[in-house]
Amino acid sequence: MTFQQFAYHNVIRNSRVYAAFFMASIFSVMVFFVYSMLMFHPNIEDQFLRDIAFGGMLIAEIILIIFTLFFLFYSMSAFLQARSKEFGLLLNLGMEKTQLNRLIFLETMIIGAISITVGIFWGFAFSKFFFMVIRELFLLDNLPLYLSWKPFALTIVVFLTLFIIISISSVVFIRKNEIVQLLKGYWKHNGQVEYIRWKAILGIVLLFTAYSLVLISLIQINVFLTFIIILLATIGTYFFFSDSILFLISQIRKRKNLYWHPFRLLAFAEGSIKVRENARMFFVVTIVSTLAFLSVGVVTSFTSFTSQYRELNPVSIFYSSEWDNPFEEAHIMQLSHELQRENLSYELIKFQVKKQTSSSSQEVVNLIKESEFNSLAIPLKTPLIDLEQGEAILVPSTQEDFRTLSQQEEQTVLEESSVPIQIVGQYKHFVFPSLGIKNRTIIINDEDYRLVTEPLFGYGLKESTSTFYAFHVPEWLRTKDVGVDLDKIMINTMGTSNINPNPFYFVNPGLNYSIIRATFSLLLFTGLLVAAVLLLAAGSFVYFKLYTDLERDKKQYDVLRRMGVTDQELVKIVNRQLIPQFFLPWGLAMVHSTFSFIFLQAVWVDLAAVSIAMEMLLVLIAFTVIQVSYFYLIRWRYIAHIQAS
């Protein structure tokens, strides 16, 4: 048998230990390769879409590279601990340290090569499905599967480099240990577990302080405070696992009615040792799980905004023109021509808007005829307005208007034309975009509209009017290529300001929505894949630690069986051993995420008055189901190994 064959058979013989590491590595390679396929796709010609694809891929792959490097290093350390006796035996039989280092290097590279090959295979197999999803997100006509050497080369180079780094660094672990230490293994002393009291109390205090600051920040959102909360929560989490839990267990031990129970005594005694040994692992799992929850939660919250986008922008294309706009006719003809070019049916409603001064507020208001407004309400499928002469209704243009506009009836007079009107309420739906309407808008009866004949004080008759054009397009999502030139003019002239220097205003919600939808959906897809890698790795950390201590646990449970413990009682003991290891870090991660989502909810309400409570609840429920399923899967395999003779 050659040295290479010996390394290969070692990998096969230890397949049980390498299983979770192998699966996580394959999944990381697959996700990286799929995004590389999107990055180099020749059919994405739109520069903006290509930038989104590059940006999403770059963020996802940087996260994957950094985390995969850390994950591989940690898992290799766990493997080497689990096989320490084997390495000690090889050295005792005459193997040189250089040969052992070479053996570890070859084993790691064999696993790496297989992971890269299988990951690329499955990545290419799922690329077609991935492109179908991306095609729907970007509203592209075609996004076929293609074959290019670039995604393959990038994936192979990146992950081969990662495995080489891990292979070289992992041999340092063996160099630091003598043969006797390797033969003894890495079982820790099972004596009294100690903790530092001030660290235990500090860990609890820091966590409660971080949570309190989250609630305080809801009153006034402060970016600087966010970094303080993250720092306090991170430090508090570490102290919580290293000392606080042991402090709490010691307090439970003082209560004999709780502690002096056969199964509880075993669980707490062994649990305190497990917690002390695995404190760093628990800390890592908690942080990784929290990042996984947040990555999905943050991008999922975007869907709340996109789902309400159509409600906030019911008019498919809106164009408003001031009296001195020389481009009005040309722009309307251009928009009509572009809609016809896209084979889109549409309905154009034109509003002649008059301006008057309201006596109650002394502000200029826009006046729209009831019949013209109803001609738009019909295709929008919003309630029609039926006003008596002298009645009027307000049309809100922002979420703030719903809260600030008076719900009570208001008597006012249109001063220039001396027309008395009574505002009887406000329309319950959005119609016109807020930036397209400079003044308060009121719908009045057709008879009252005809009585408004005088211009604003100090202005001419033409200067006291403007025109609204509302295009209703049933297939509004297909309007993303309509009015692109006008949209560029609006972006270039307005920038981030709410002041419009142009004699017209144009907005195409279909164009804006296509950008928002593509960006948010790609972020969601990216977040889901990255979170899946993080979640799989978080579970793998627990898996590695369980199998590192498997031989010791088998001996302990064998002693218990000889003392008369039945298989049913053994399962009960195993449950009380495994549940804290799985659900303690996961539970704290859920608490971290819940407070983070509360803060995120406040941000969304402040930015767009959008509620994300339902999305956050669904994310937490989904991760709970995944974690419970993973627990039962690992428990099943763990009990099978424990009970094996």
*asked:* Which numbered condition in (1) at pLDDT 80 or above; (2) over 26 Å from T382 (Cβ atoms) is the only one that E277 fails?
replied: (1)
*Search the stretch 554-602 for residues being of a type in the set (S, T, Y) and more than 26 Å from L246 (Cβ to Cβ), and hand back the single one that is surrounded by the most Cβ atoms within 10 Å (Cβ to Cβ).*
S596
*asked:* Pull out all pairs, ordered by first then second residue, where Cβ-Cβ is under 7 Å, the residues are six or more apart or on different chains, the first lies in the stretch 98-109 and is free of Cβ contacts under 8 Å to residues at least 60 places away in the same chain, and the second is part of a helix (DSSP H, G or I).
replied: M109/F163; M109/S167
*Kindly state which helices (runs of 4 or more DSSP H) lie completely within the stretch 357-458 and contain at least 2 residues that are at pLDDT below 90 and of a type in the set (D, E, K, R).*
399-404
*Condition check for P420: farther than 15 Å from K369 by Cα, surrounded by fewer than 20 Cβ atoms within 10 Å (Cβ to Cβ) and touching a residue at least 40 places away in the same chain (Cβ under 8 Å)*: no
*Regarding V542, is this residue more than 30 Å from E416 (Cβ to Cβ) and modelled with pLDDT of 85 or more?*
no
*asked:* On the basis of being modelled with pLDDT under 75, in the same structural domain as L206 (by TED's automatic domain parsing) and either assigned to a helix (DSSP H, G or I) or among the aliphatic types (A, V, I, L, M) (or both), does M614 make the cut?
replied: yes
_Looking only at the stretch 308-365, how many residues end up being closer than 27 Å to R450 by Cα, surrounded by 14 or more Cβ atoms within 10 Å (Cβ to Cβ) and of a type in the set (D, E)?_
3
_Single match in L207, L231, L225, L218 (criterion: at pLDDT 75 or above, within 18 Å of T594 (Cα to Cα) and surrounded by 19 or more Cβ atoms within 10 Å (Cβ to Cβ))_ = L207
_Given the criterion in the same structural domain as L394 (by TED's automatic domain parsing), within 28 Å of S345 (Cα to Cα) and surrounded by fewer than 15 Cβ atoms within 10 Å (Cβ to Cβ), identify the matching residue among P474, P433._
P474
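The values are calculated or read from the model by the stated rules, or taken from the named source; none is laboratory data. Everything numeric in this text was worked out from a predicted model, so none of it was measured. Glycine also receives a Cβ, built like all others from the backbone with ideal geometry; neighbour counts cover every protein chain displayed.
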